[in-house]
Every structure is written in structure tokens, then in C-alpha cells.
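Each remark here refers to the structure printed beneath this line.
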Amino acid sequence: MRNALARLALGALLAAFALALGGCPKKIPQPEIDAAERATADLDALKDCAPELVTAARAAMEKAQGLLAAEKYEEAKAGFLAAKQLADKARQECDQKRKAAEEAEKKRQAELAAQEAARAMGDVPAPAPAGPAGLVTVLFEFNAAELTDRSRADLEQNAEYLRAHAALRVQVEGHCDNRGSTEYNLALGERRAMAARQFLVKLGVDPERLEIISYGEERPADPDSTEEAFARNRRAEFRELR
Amino acid sequence: MRKIALLVCLAGLGLAAPARAQDYLPPIDDPNFRPYPIAVPSFKELGTGAAELAKEGVEVLRNDLGIAGSFKVLDPRSYLADPAKEGLTGAAINFADWINVGAEGLVKVGIAASGADAVLEGRLFDAATGRELLLAKLSGPKQDLRRLVHQLADRIVKHFTGVRSVFSTQIAFAKKIKGNKAICVMDFDGHGERCLVTNDSINLLPAWSPEGRYIYFSSYLKGGPHAWRVEVATGRTNLISKQRGLNIGVAAAPDGSAIALTLSRDDNSEIYRMAPDGTKPVRLTHNFAIDASPSWSPDSKKIAFVSERSGNPQIYVLPAAGGDPRRVTFQGNYNQTPDWSPRGDWILFNARDERLVYDIFKVNPDSGEIRRLTQDQGNNEHPSWSPDGNLVVFNSTRAGESKLYVMSADGTNQRMISRGSGEYTNPVWGPWTPEK
């Protein structure tokens, strides 16, 4: 807005000059003035991304206008050209910065989408939905549903938690690693869930609060095919029922 | 193998003569078996507009005969004759050219486009004598070209074995899609894949009804898992068994009288027999061990299954009417997924070997003899017989993600048949559909 006004004022000034001189003076560098004005019209929008160039362009413009007022047309012409060049440079720099930012954002979005797709395909495990804090996953040995000392200790901790949260009902999910047959692993996963449930009941948890389901090898905690992943996948997990 | 007398129409001469005994190939696992070398030159385009059909058709035929296992399809690059120039009938063929590249059999096919239809004329020749053994004329919509060529391949195989081959059959399987599993089917060669059950849940363990109308499966759609079935033609599903606990691994009796499956309603997985619609369950196993994976004998009188009553999973056989199980496998300590052959002589299973790798074996249920079918190629599991008992489909991780493969009954000629991306598991070979 301010630039538009300045432009009007300048136009009026030039018109007055022209009238005073009784004709358009050939020496006024009108194309350069117009170009510089167009180039500097949006300096405000550029001042955040190219502050130094914007300041320099403004200074050049002021100086050129001063020279114009002083009728030093040749010097004014050079000044307007310089102002235009500086403003153009500021715009270029801003464009470059904006494009780089857009690219980075696009890349970030693509990565997010790829991760989402991989998760949907089951390649990357979704972040485990937070179970009730305090209910820990219990691990099992290969082809076994028998509790180990470690899993008994974990179940004691779970029993304590369930005693402290008497309204809580949970689903005990039995899982297997992905070795062995689909059917056998469904049966084995159920045995693991049953073993965990049975021990909790022995520790005083009301059996009515504990439902069981077997997912066999269908819902691995870790999709890798390493011994570590297999060990993490042979488990009973506890999920809050709502 | 049944050596039924097969009448071959000697078209052109208008004579009917019984096939010579030497036309029959011994079964693949017979000691006298050797693959029959056969040449399958490019189809000859008759008229115009059939060039694409000819190109696709010959690929289908070569692939079919290659998978069948009974044949060695000779490399087309070695052929001496120019298929574009040589004729299709005996008098127009220089058989010496075919004998010289090692062919004993020669298949010549002419193909034409007639409006929306493809018209095929296939001939099978004995290269040594130049005798025409078979003439098959087939036509149908162009988009059914693969089916037409499968029928031609079926006729060729039947000439040599006396029984239909499997080129018109389908394979059902479970496929991982977006973290869930769908029940899908495809042609035996991996083409024409389509999914019948996609319900954003885990669906597993498909099993065909004997006439191919339904596919039974297990699903978490409404918890469970429960046993369901889907009508293949319509995609309609209905719940078969939703008892407490597991309702998994349905196997249909070949005579259509019953199904067997695993239930855990008594707090332990046991084998049950039911009516095909899921009613009238009868418990067949009574043991506090895991019992699972039923598979019927071809006469529907016995059921093979897995039990870990000995301490680790082994294959057992049980009378379908109920009774004492008999242990069949004594080697290894992790034997699973039995599938009884349609001829009754072998039960496929998969075993974990001493290196903790899973491979496919077969055991003779009477003698206990065991043969190994896969080795040193990833984990190989869930074998299922083709309806003619000549081929086996299974899933393997040899190329990374689990894919479906087919091999001959002796373990030779293994090739990947699934074509898509994603994880393919639980393949089961469907029955023959009525012969056209």
C-alpha cells in the first residue's frame, strides 16, 4: 500500500516536472524506474527470508529517488537498476529457501507414509498399545507352555497389580514365534494363555476377570526372524477389557 | 496308477484305436519314471488377429506341461524346424527335425481369432513314427484363452497317464493384507488370483469342500477363532462352529459325509468330527496333549493328525468313527501338518530337522517309510497334494517372504507359482471340477 502511494506521488511529481519543462524530458529513466518499483513492490514479504538484501534494495531505491529528485538522471538510472537487481536477488533467495523447505516437508511426509504403509503390511510392528501399566508380558521357552521361574515372578507381579485394581478385567493373549505350523501354534498359544491364567487364579485372581484368546503366530511382537525376536514372540500378553 | 483303457480319437483317419501301452508314463515316483521329452513349438497363427493369442497360449502350454512333472519340455531355442513355416498336420511335418532335437512327443497348435472367440486346434504326435496321437479342437472367448489351453494340456497329460491333470484346478491360501489375512484363490499356475474373504480380520487355514463349492476357514472376525465357510461362486460366508476356545483347521471328508476340526471347548485342543454344516460334534481324541491338524484318508475312513502326546509333535492316524490312534512318524521331534494323498499311499508332513530348519517329507502310513522332499532352501511348510497325487503345493521362505511353490511328488521340479507381493501361507489344492 505504501509503495502504491509512493508510486502515485512519484508519478505526480514526474508529471509536474514534465509540465514545468513543457514536455517529457528524454533523460528521465522511466523504464528503469518502473522496473525498480515493480521489483521492490513486495520487499515487505521478503524481509524475513532475505533481510540483508531487502535492506540493501530499500537503501538503493531511496538513493536513486534522491538522485532523480536532484535531476541526476544517469546516476539515478544506475541506482534504480541496482535497486531492482537487489530486490530480484532477495526474491530468488526466498524462493530457494521456500523450495528447500517444501522438499524437506515432502520427504518427511513420504517417509511417514512409507512407515505407515509398512506398518499396515505388518512389516514394522505398530507401537504396542499401552496395556495397563504394571501388567507385564510373560515369556515362554520353545514349544513349551510351562512357566519358568522368571515367568512365575512376572505373573506374581501381575497378580499384585490385579489385586490393587479390583475392577480390571483382562484378556490373556497367547502367542508363538513363527516357526512351526499355523494350527499347532494356535493350540500352543492357547496353552500359554491358559497356563498364565491358571497361575493368576492360583494366586487369588478371580477367574471371571480373565478371558483367554490364542493368536498363535499371527501377532508377533517382533517381526524379525532372529532367536531374540522368537524369544520375545513366545509370550502371554495382557490386554485390558473395556 | 490306474491303467484304464483310454480311447484316443484318431481324427483325420476317422478311426478309433486303443492307445498303445507304451503311451502310458509310469507315475513320477515309480523307479522306472523318466520325464517324457516333448517339443512345444510356437502356436501357428491361422488367418490374422491371433498373434497375441498365439504368443500367450504357447507360454501357458509350456508352463503347464513343465509343472506337470511328467514331461521335459524341450528348449524352444534348440528347435530346428521353423514353426511359422511348418504345417500342423502329419504330412506337413518333417519329424526328423524333431527327433534330432531329442523330442519323443510333439505338440502342434494352430490358433485363430473368430470374432470375440479364440479357436484352437491342437495335435499331439509321436515323433518317432509320425503318428497323430490326439486331436483337440477347442474354442471359447478370447479372455478365456488360459482356460482353453489348460484344457488342451489336460487332454495331453491324460493321453499319457490315463487320468486328468490339474491344469483346471485352483489353490486356496491365506494372504497377509495390511496386517490382516484374507482367504484367496488362484489358478494352479498362480494366475487369476482373487480374494474371497477380506474382512479386516485374521482369516486362516482354508480347506476345500470335496466338490469345490465351499472353502472352510478359521477367522477372528467375531473372536474365537471360529470356523466359517465361504461359497466360492458367491463369496457368501456363514459361521460353522463358534464353540468356546479354538475352532480351527477344518478338513472335509472326501466322501462329503463329515468335516473334522480342532476344538478346545474342553480346555484342551482335541480333534472332533462334525456334519459338514458344523452340527453334531463328536470328540475323537481324549488326551491331555495338543491334538490338531486333521487330514482325511481318501476313503474317508481314517484321519491323520498331529499330537504331542509323546512329548513332541508327531503324526498319528485314527479311525474316523473313533478309536485308538496309531503313531506313524518316529523320526525327528517336530512333525506337523499331515496331508493324506489322494492315492492313499503317502502322508505329507513338515518336520523340523536337526538344524532347526523346516522341510517337507512324506511318510507311508503303513510301512512308516519316510522320504524327504525339500532341503537347503529356507523353511518349507504346509504341504498339500494336488487331486491327482502327482504334485505338491507348499509355502517356502527360500526367497525371503513366504511364497507358494509347486513340486512333483518326489520333490523334483520345484518352482514358485504365486505371483504377487505380500506373504502367502496355508496353501491347499482344490478338487477337480466336473470335466467339460
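The values are calculated or read from the model by the stated rules, or taken from the named source; none is laboratory data. Just so it is clear, the structure is predicted and the values come from calculations on it, not from any experiment. Ideal geometry is used to build each Cβ from the backbone, glycine not excepted, and the neighbour counts take in all protein chains shown.
Got a sec? Which of A:Ala56, A:Ala87, A:Ala39 is at pLDDT 80 or above, aliphatic (A, V, I, L, M) and touching a Ser or Thr at 6+ places or on another chain (Cβ under 6 Å)? Can you show your working first?
Numbers: A:Ala56 fails: touching a Ser or Thr at 6+ places or on another chain (Cβ under 6 Å); A:Ala39 fails: touching a Ser or Thr at 6+ places or on another chain (Cβ under 6 Å).
Just a single option satisfies the conditions, and that option is A:Ala87.
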- Task: Determine whether region B:367-374 contains at least one residue that is outside any strand (DSSP E or B), buried (at least 22 other Cβ atoms within 10 Å of the Cβ), more than 12 Å from chain A (Cβ to nearest Cβ) and not hydrophobic (A, V, I, L, M, F, W, C).
- Result: yes
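Condition check ((1) touching a Gly at 6+ places or on another chain (Cβ under 6 Å); (2) at pLDDT below 95; (3) not in a helix (DSSP H, G or I)) across all residues:
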residue: B:Glu56; (1), (2), (3): no, no, no
residue: B:Asn63; (1), (2), (3): no, no, no
residue: B:Ile67; (1), (2), (3): no, yes, no
residue: B:Leu80; (1), (2), (3): no, yes, yes
residue: B:Ala91; (1), (2), (3): no, yes, no
residue: B:Gly122; (1), (2), (3): no, no, yes
residue: B:Leu135; (1), (2), (3): no, no, yes
- Task: Run down B:Val392, B:Val428 and say which single residue is closer than 21 Å to B:Asp154 by Cα, touching a residue at least 12 places away in the same chain (Cβ under 8 Å) and within 14 Å of chain A (Cβ to nearest Cβ).
- Result: B:Val428
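When the residues of region B:219-264 are narrowed to those that are charged (D, E, K, R) and over 26 Å from the mean Cα position of the chain (by Cα), which ends up nearest to the other protein chains (Cβ to nearest Cβ)? Show your work before the answer.
So in region B:219-264, the residues charged (D, E, K, R) come out as B:222, B:229, B:231, B:236, B:242, B:244, B:255.
In the following step, the residues that additionally are over 26 Å from the mean Cα position of the chain (by Cα) were identified as B:222, B:242, B:244.
On the way: B:Lys222: 12, B:Lys242: 13, B:Arg244: 10 Å.
Across region B:219-264, the extreme among qualifying residues is B:Arg244.
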- Is it true that B:Arg244 is of a type in the set (Lys, Arg), outside any loop (DSSP other than H, G, I, E, B), in contact (Cβ under 8 Å) with a residue 12 or more places away in the chain and out of contact with any Cys (no Cβ under 7 Å at 6 or more places or on another chain)? no
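Residue-wise test of (1) more than 20 Å from B:Pro206 (Cβ to Cβ); (2) touching a Pro at 6+ places or on another chain (Cβ under 9 Å).
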{"site": "B:Pro281", "(1), (2)": "yes, no"}
{"site": "B:Thr285", "(1), (2)": "yes, yes"}
{"site": "B:Pro294", "(1), (2)": "no, yes"}
{"site": "B:Asp299", "(1), (2)": "yes, yes"}
{"site": "B:Ala304", "(1), (2)": "no, yes"}
{"site": "B:Arg309", "(1), (2)": "yes, yes"}
- Note on the structure: Residue hits (region B:189-205; away from chain A (no Cβ under 14 Å), outside any loop (DSSP other than H, G, I, E, B) and without any contact (Cβ under 8 Å) to a residue 40 or more places away in the chain) are B:Arg194, B:Cys195, B:Leu196
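Condition first: assigned to a helix (DSSP H, G or I) and of a type in the set (D, E, K, R). Now tell me which residues in region A:185-217 satisfy that.
Just the residues of region A:185-217 that are assigned to a helix (DSSP H, G or I), to begin with: A:185-202, A:207-209.
A:Glu190, A:Arg191, A:Arg192, A:Arg197, A:Lys202, A:Glu208, A:Arg209 - these are the residues of region A:185-217 that are assigned to a helix (DSSP H, G or I) and of a type in the set (D, E, K, R).
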- Task: Could you tell me whether region B:307-314 includes any residue that is surrounded by 14 or more Cβ atoms within 10 Å (Cβ to Cβ), more than 14 Å from every other protein chain (Cβ to nearest Cβ), assigned to a strand (DSSP E or B) and not hydroxyl-bearing (Ser, Thr, Tyr)?
- Result: no
- So which residues in region A:194-220 are more than 10 Å from chain B (Cβ to nearest Cβ) and either under 39 Å from the mean Cα position of the chain (by Cα) or aliphatic (A, V, I, L, M) (or both), if there are any at all? A:Ala195, A:Ala196, A:Leu200, A:Val201, A:Leu203, A:Val205, A:Leu210, A:Pro220
